[in-house]
Amino acid sequence: MNLRLIIGMVAAKLAMYLSKLSGRGRGSSLPGMVALRICPDLLKHYQGQPRKGVIMTTGTNGKTTTSNMLADILEQDGYRVVTNREGANLITGVATAFIKASTLTARLNCDYAVLEVDEAAFPVVTRWIKPSRVMVTNFFRDQLDRYGELDTTVGKVLDALNKLPGEVKLILNADDPLVARLARETGKVTIYYGVRPDADFSNTAAFSREAKFCPFCGSALVYNIYIYGQLGDFKCPQCGFARMRPDIEAVDVISDEAGTKATIYDNSSSGRSVWSLYIPVQGIYNIYNGLAAFTTALSLGILPEKAVLCLTTYTPATGRMESFRYGNKQVTLTLVKNPTGFNQALTVLLAQKGRQDIMIAINDNDADGRDISWLWDVDFEVLAQYPEQFNRFICSGQRAEEMALRLKYAGVPTILLATEKDYRRAINAALQGEGVAVGMMATYTALWPVEKILGQKAERVSYHANRMSSVS
């Protein structure tokens, strides 16, 4: 028996227990960090143990939601699943997910491992754990001081995919040229998902798009329709690289305060099957997350009707459009970490009815990214166009002043701006404002304390209780 493995597992289990006992952490990364210090080859001992395989999700936005949706579908179909639900997606978080589910000798009893893996960590994790399927959500600029330029991030994922066995299947977003390119460059079997280009989705926002040029010949890409960011109906007029027709495609997408609805077509089947999909969270991007999970579930042999039903009861992870109720006010908590994700959060805010109080908490710790210049790429200017929708903007966190300055330059009236670095006071001010709703947005290290304080003051909305009325 490997002595280092046993010592590492005992130390990790103890760290997990003490973390929960102290209430100072969620134990989602520390146990893995401890175990890997003692036994660096820990993940080797989990190779091949999930009986039916490993599914990994990587990409910039939507990893946690997509991975959790798929884990829910598999669990409700009766499978035993190991997963890192709380979004700890570095090698330490992946190790912790396995440690939580295994014995002191690193033995698992599971059918699937469903793992969210950070783009930068993907090459490291896949050296030890070989997935049978890889879902790729999208690629956007994210923490330049950590990831570097976007081409570097895509290149790392591409290199790791090319080193995986040939039988690995890819589940790719057909609407993102930076993701769709992976099929040609890896030669692996690919299943595509996407949203049918529709004029109703045409987006002419001024913020920068990531994929302006063809990855194969360098010519400028031409878009018929933008959905958001660089997602849409793209084509290279020079070499012919273009959006593939998705195997699983969403049409008639509607997103409002009740959630997001769409009709789903299976273009890969001769019978052209159709399903109605409802997800109880707002935002067009959540249809992409649902599509990725649904497509992967079908590829694993799950009945589509079961997958659709499971998605209607999905409960968001912390900060993924998480909904609370404070008195008569609806409160939404959203993680923001890059320009595209923030822009989508702003789109949801602007779709709300009635005046809102907004709290934005910005930190610059390592997990958030030390460089906060990305805030200047967010399209905050749209907020200044609708001053009647907002009562006040309260800026909090370590970089509260810089956030307030960015809003001022965006044209938000200074009379609407306030700074309060203390989370509790900032949350109280937002909840007790004159608005009929509250929007809270936070970077990663601010999210957890904000969620903890908010959870003490407001009631989490039960999506399951409201599902039937929302669907109807």
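Derivation of every value follows stated rules applied to the coordinates shown; laboratory data play no part. Note that the structure is a prediction, hence the values are computed from the model and not measured. Every residue, glycine as well, gets a Cβ built from its backbone with ideal geometry; the counts of neighbours run over all protein chains shown.
With an 8 Å cut-off on Cα pairs and a minimum separation of 6 or more residues, tell me the relative contact order of the stretch 263-395 in percent. Intermediate values should be presented prior to the final figure.
Numbers: 129 pairs, mean separation 25.2, N = 133.
Computed over the stretch 263-395, the figure is 19 percent.
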Q | Unpaired by the 4.7 Å Cβ criterion, cysteines found in the chain | A | Cys39, Cys110, Cys310, Cys395
Q | Nearby lysines by direct alpha-carbon distance to Lys329 (threshold 25 angstrom, same-chain neighbours under 8 apart not counted) | A | Lys261, Lys353, Lys421, Lys452, Lys457
Q | Nitroxide proxy distance, nm - points 7 Å out along Cα→Cβ at Ser22 and Ala384 | A | 4.5
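Hey, what did the stretch 44-311 get for relative contact order, percent, Cα under 8 Å, at least 6 apart? Numbers along the way, then the final one.
On the way: 554 pairs, mean separation 46.5, N = 268.
Relative contact order comes out at 17 percent.
Quick check for me: using +1 on Lys/Arg Cβ and -1 on Asp/Glu Cβ, what's the dipole size of the stretch 322-460 about its Cα centre, in debye to the nearest 20? Walk me through the intermediate numbers first.
Numbers: 16 positive and 17 negative charges, 99 e Å.
Dipole about the Cα centre, nearest 20: 480 debye.
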Q. To the nearest 500 deg cm²/dmol, what mean residue ellipticity at 222 nm is calculated for the chain from DSSP H runs of n ≥ 4 alone, each contributing -39,500 (n - 2.57), summed and divided by the residues?
A. -11000 deg cm²/dmol
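Give me the dipole magnitude in Debye, nearest 20, for the chain about the Cα centre, with unit charges on the beta carbon: positive for Lys and Arg, negative for Asp and Glu. List each step's numbers first, then the result.
Working: 52 positive and 46 negative charges, 298 e Å.
Result for the chain is approximately 1440 debye, rounded to the nearest 20.
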Q. Where in the chain are the DSSP H helices whose alpha-carbon span along the long axis reaches 24 Å or more and whose Kyte-Doolittle mean is at least -0.5?
A. 3-22
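Step by step: find N for the stretch 44-311, compute 2.2 N^0.38 Å, then divide the Cα radius of gyration by it. What's the final number? Kindly include the intermediate steps, with their values, before the conclusion.
Values: Rg = 18.0 Å, N = 268, 2.2 N^0.38 = 18.4 Å.
Cα-based Rg divided by the globular estimate yields 0.98.
Stretch Glu185-Arg245 to full length: gain in nm at 0.36 nm per residue minus the Cα-Cα span? All intermediate terms of the calculation are to be shown ahead of the outcome.
Working: separation 60, 0.36 × 60 = 21.60 nm, distance 1.80 nm.
Gain on stretching Glu185 to Arg245: 19.8 nm.
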